[in-house]
1. Could you tell me whether any residue of region 67-81 is surrounded by 12 or more Cβ atoms within 10 Å (Cβ to Cβ), more than 16 Å from ILE12 (Cα to Cα), more than 13 Å from the chain's Cα centre (by Cα) and touching a residue at least 24 places away in the same chain (Cβ under 8 Å)?
2. Is region 20-37 home to any residue that is acidic (Asp, Glu), open to solvent by 40 Å² or more (accessible area, probe 1.4 Å), modelled with pLDDT under 95 and not in a strand (DSSP E or B)?
3. So which residues in region 111-156 are touching a residue at least 60 places away in the same chain (Cβ under 8 Å), touching a Pro at 6+ places or on another chain (Cβ under 8 Å) and in a helix (DSSP H, G or I)?
4. Output the residue which, of all residues in region 1-16 that are part of a loop (DSSP other than H, G, I, E, B) and touching a helix residue (DSSP H, G or I) at 6+ places or on another chain (Cβ under 9 Å), is surrounded by the most Cβ atoms within 10 Å (Cβ to Cβ).
5. How many residues does region 38-59 contain that are touching a Phe, Trp or Tyr at 6+ places or on another chain (Cβ under 6 Å) and open to solvent by 20 Å² or more (accessible area, probe 1.4 Å)?
6. Anything in region 148-166 that is within 20 Å of LYS22 (Cβ to Cβ) and touching a Phe, Trp or Tyr at 6+ places or on another chain (Cβ under 7 Å)? List them, or say none.
7. For region 87-113, give me the residue count where each residue is under 14 Å from the mean Cα position of the chain (by Cα), within 17 Å of GLY1 (Cβ to Cβ) and open to solvent by 10 Å² or more (accessible area, probe 1.4 Å).
Amino acid sequence: GFQFLNNDKIKIVVAASHIYRKNSIGLIEALNLLSESEKSRIQIDWYGDGISPPFFDNSFMETKLKLEQYNLSNIIRFYPATPHIHDKIKEADVVGLFSFNEGLPNIVCEGMACGKLVIASNVSDIPLLIKNPQLRFNPNDIASICSTLRYVLTLKVDNFVLEGGKNREFAVRHFNRD
């Protein structure tokens, strides 16, 4: 079965296209505020369209430049969008959403349904889904994103299991087709 915090590393999965409103640059700026030991405990796998030409906008190229500038290329790996995102969520400790705006985000709902801890921007319907304010952040505030990442880094395996279980219960209760 799945083991949270394998090798004491937090694996975060993001599923979002590479456009400015998905805020990859804000995430990178927040990662850059972390200490070296904090950075060494995070791995982010980002799945989404727009990692090869024609690009939607310049955000992906700017993201890559920032990663190199801050020497963070070993923390974030980019992959094309996948129809198997459910499998990627199951392999992760955390599902992350860093957008400036959203509606009812599928990735948050999917993460909850898979029993994962979810961190997300405090926008739109997200506060209705993620009750713990320490797991939400202001996407316009780099320090707020960093604070949420730091909070997650303090959690123990039991916290991931507990939060994930609450998310799964919420999903079963509220996302059921009936």
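1. Within region 67-81, one or more residues are surrounded by 12 or more Cβ atoms within 10 Å (Cβ to Cβ), more than 16 Å from ILE12 (Cα to Cα), more than 13 Å from the chain's Cα centre (by Cα) and touching a residue at least 24 places away in the same chain (Cβ under 8 Å).
2. No.
3. ILE145
4. We begin by selecting, within region 1-16, every residue part of a loop (DSSP other than H, G, I, E, B); these are 1-5, 9, 16.
Filter once more, keeping what is touching a helix residue (DSSP H, G or I) at 6+ places or on another chain (Cβ under 9 Å): 2-5, 16.
Values: PHE2: 12, GLN3: 8, PHE4: 19, LEU5: 15, ALA16: 22.
By that ranking, first place goes to ALA16.
5. Number of matching residues: 3.
6. Hit for region 148-166 is THR148, nothing else.
7. Residues flagged as under 14 Å from the mean Cα position of the chain (by Cα), within 17 Å of GLY1 (Cβ to Cβ) and open to solvent by 10 Å² or more (accessible area, probe 1.4 Å) within region 87-113 amount to 3.
The values are calculated or read from the model by the stated rules, or taken from the named source; none is laboratory data. Values in this document were obtained by computation on a predicted structure and should not be read as measured data. Here Cβ is always computed from backbone atoms with ideal geometry, including for glycine, and neighbour counts include all displayed protein chains. The accessibility values were calculated without ligands, DNA or RNA, using every heavy atom of the protein model including side chains. Shrake-Rupley method; radii C 1.70, N 1.55, O 1.52, S 1.80 Å.
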